[in-house]
Amino acid sequence: MILISLFLVFAKIGLIGFGGGYAILTIIQQELTQRGWIGQQEFANIAAISQITPGPIAVNAATYVGYRIAGFWGSFVATVGVSLPSFVLVILVAHFILKFKESRVVASCMKGIRPVTVAFIASAAIFFALESFINIQAPLFVNWGPFVIFVGAVLAATFTKINVILIVLLSMAAGLILC
Amino acid sequence: MKKSKAALLWDLFATFFKIGAFTIGGGLAMLPIIEREIVDKKQYIPKEEIVDAFAISQSLPGVIAINSAFYIGYRIAGVAGALVTAIGVILPSFITILAIAILFDTVSGNVYVSKALTGVKAGVAGVIAVTVVRLGKSVIKDWFALILVVLAFVLTTWFDVSIVIIIAVGALAGYLYYQVRRMRRHDID
């Protein structure tokens, strides 16, 4: 049953999804493209759309992919699936909060997991770069329009206090002109 | 005067629905808004506790905004509270994305949509790259962390190694490294 496998795959993503939205994007992409559920380009589109619509990126991705694969109920089970592991974990931890916070085992495991999630986020950056300005046929030649937008976004996010959402919206407007 | 449980649950739902509807850009953008609504405006829980909530939400797997919603809802009104806050925070994005998924086929061939999305992807690549550098500065403090970052990056990007394995190896490496370091420190003392 496609609904059951959708649910299980997204529950798995919820269970191993350390490091927040951008890191989870890499995890979702690996799970979905390996199964052939969604192509690279379409995944890049929905990941881009998640950035300019309300709500957490991972939930947006779950809802969209679920719908594409199995309609309304697909989006429903994928969204519930990605949230359910947290429900159990958070309530367990909220119940035993002091022990979790003070646990040396948890703290030292997290020191190994955190660098790994940084790598996942870096991988998400590469993914978006490949889908916008890096030309895979000729990697030395970038697509100039999107590349200019990329550089602009890096400069804006590094040297100004412009809100990230505004940077993304400006990139969208620039895309209409430059891409 | 104490509110009835139903009124409290409704209020929690409405508050988190609003938070879900008005934060664009993912979970981390939501945290300051959750804090303003829950601590400053409604005074449901004290500030120290929201700091705990955010720290725990980020160390557990899963969507950070949903983890926070579950945690805060549970603290305020038990399991029912956790359910209504999570549904509240998810519902706006669920409805929006469902509408987009239904409509996307009709607009995906449109050249302007595709130009705009290419712009978004390029901009997001830039924003994420800056996030990586910022996070990297705070996370990579020793050789151990640097090796883990590089190894995990190479394995996910070019070798498609399963992420479950990479996370498990990271956790195990962290556990062993810090246990050994602790033991060494005891030896020196």
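A short reminder: the numbers here are calculations on the coordinates, not readings from a lab. The model shown is predicted, which means the values in this text are computed figures rather than measured ones. Glycine gets a Cβ as well: all are built from the backbone with ideal geometry, and neighbour counts include every protein chain shown.
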- Query: How much net charge surrounds B:Asn67 when only other residues with a Cβ under 13 Å from its Cβ are counted (Lys, Arg +1; Asp, Glu -1)?
  - Reply: 0
- Query: Excluding B:Asp105 itself, what net charge comes from residues whose Cβ is under 15 Å from its Cβ, given Lys and Arg +1 and Asp and Glu -1?
  - Reply: 0
- Task: Can you tell me the 0 to 90 degree angle between the C-alpha axis of helix A:2-16 and the longest principal axis of chain A, rounded to 10?
- Result: 90 degrees
- Task: Using the structure shown, list the pairs from B:Lys41/B:Lys137; B:Lys18/B:Lys47; A:Lys161/B:Lys42; B:Lys18/B:Lys42; A:Lys111/A:Lys161 with a Cα-Cα distance above 23 Å, or answer none.
- Result: B:Lys41/B:Lys137; A:Lys161/B:Lys42; A:Lys111/A:Lys161
- Task: Kindly provide the pair-distance distribution of segment A:133-179 built from C-alpha pairs, with 10 Å bins from 0 and whole-percent values in order of increasing distance.
- Result: 27, 47, 23, 3
- Could you tell me how many degrees, from 0 to 90 and to the nearest 10, lie between the Cα long axis of helix A:57-95 and the main elongation axis, the longest principal axis, of the Cα atoms of chain A? 50 degrees
- Is the shape of chain B rounded, prolate or oblate, going by the alpha carbon gyration tensor and its root eigenvalues a ≥ b ≥ c, with a/c under 1.5 for rounded and a/b larger than b/c for prolate? oblate
- Item | Nearest-ten-degree value, helix A:164-178 long axis tilted from longest Cα axis of chain A | 40 degrees
- Note on the structure: Row for the protein assembly as shown, column shape: gyration tensor on C-alpha, a ≥ b ≥ c, rounded if a/c < 1.5 i.e. under 1.5, prolate if a/b over b/c, else oblate; value oblate
- Okay, helix-only estimate at 222 nm for chain A: each DSSP H run of n ≥ 4 adds -39500 (n - 2.57), divide by all residues, round to 500 deg cm²/dmol; what do you get? -28000 deg cm²/dmol
- Item | Amide H contacts of A:Phe18 (H built 1.01 Å from N, under 5 Å, at least 5 apart or other chain) | B:Gly62
- Note on the structure: Here the residues of segment B:161-189 lying in the modelled label zone of B:Trp143, meaning backbone nitrogen under 18 Å from a point 7 Å along Cα-to-Cβ, are B:173-185
- Task: Report ³J(HN,Hα) in whole Hz for each residue of segment B:171-179, in order, from the Karplus equation J = 6.51 cos²θ - 1.76 cosθ + 1.60 where θ = phi - 60°; Gly and Pro get x.
- Result: 4, 5, 4, x, 4, 5, 4, 6, 5
- If you project the alpha carbons of segment A:1-121 onto the principal axes, what extent comes out on each, in Å, largest first? 43, 28, 27
- Message: Rounded to the nearest 20 debye, what is the charge dipole size of chain B about its Cα centre when +1 sits on each Lys and Arg Cβ and -1 on each Asp and Glu Cβ?
- Response: 320 debye
- Message: Given axes a ≥ b ≥ c from the Cα gyration tensor, I'd like to know whether segment A:33-101 is rounded (a/c under 1.5), prolate (a/b larger than b/c) or oblate.
- Response: prolate
- Note on the structure: Along principal axes, largest first, the alpha-carbon spread of segment B:51-102 in whole Å comes out as 38, 23, 14
- Query: Given DSSP loops and a limit of at most 12 other Cβ atoms within 10 Å, what is the longest stretch of chain B that contains no such chymotrypsin sites (Phe, Trp or Tyr not before Pro)?
  - Reply: B:1-157
- So which chymotrypsin sites (Phe, Trp or Tyr not before Pro) in segment A:138-179 are both in a DSSP loop and have at most 16 other Cβ atoms within 10 Å of their Cβ? A:Phe141
- Task: For the protein assembly as shown, build the charge dipole from Cβ charges (+1 Lys, Arg; -1 Asp, Glu) around the Cα centre, then report which of B:Thr15, A:Val77, B:Val130 sits farthest towards its positive end.
- Result: B:Thr15
- Task: Using the charge dipole of segment A:2-115 (Lys, Arg: +1 at Cβ; Asp, Glu: -1 at Cβ; taken about the Cα centre), state which of A:Ile38, A:Tyr67, A:Phe87 has its Cα farthest towards the positive end.
- Result: A:Phe87
- How do B:Thr85, A:Thr117, B:Thr23, B:Thr157 line up, fewest other C-beta atoms within 10 Å first? B:Thr157, B:Thr23, A:Thr117, B:Thr85
- When the Karplus curve 6.51 cos²θ - 1.76 cosθ + 1.60 is applied with θ = phi - 60°, which whole-Hz ³J(HN,Hα) does each residue of segment B:98-103 get, with x for Gly and Pro? 4, 4, 5, 4, 5, 8
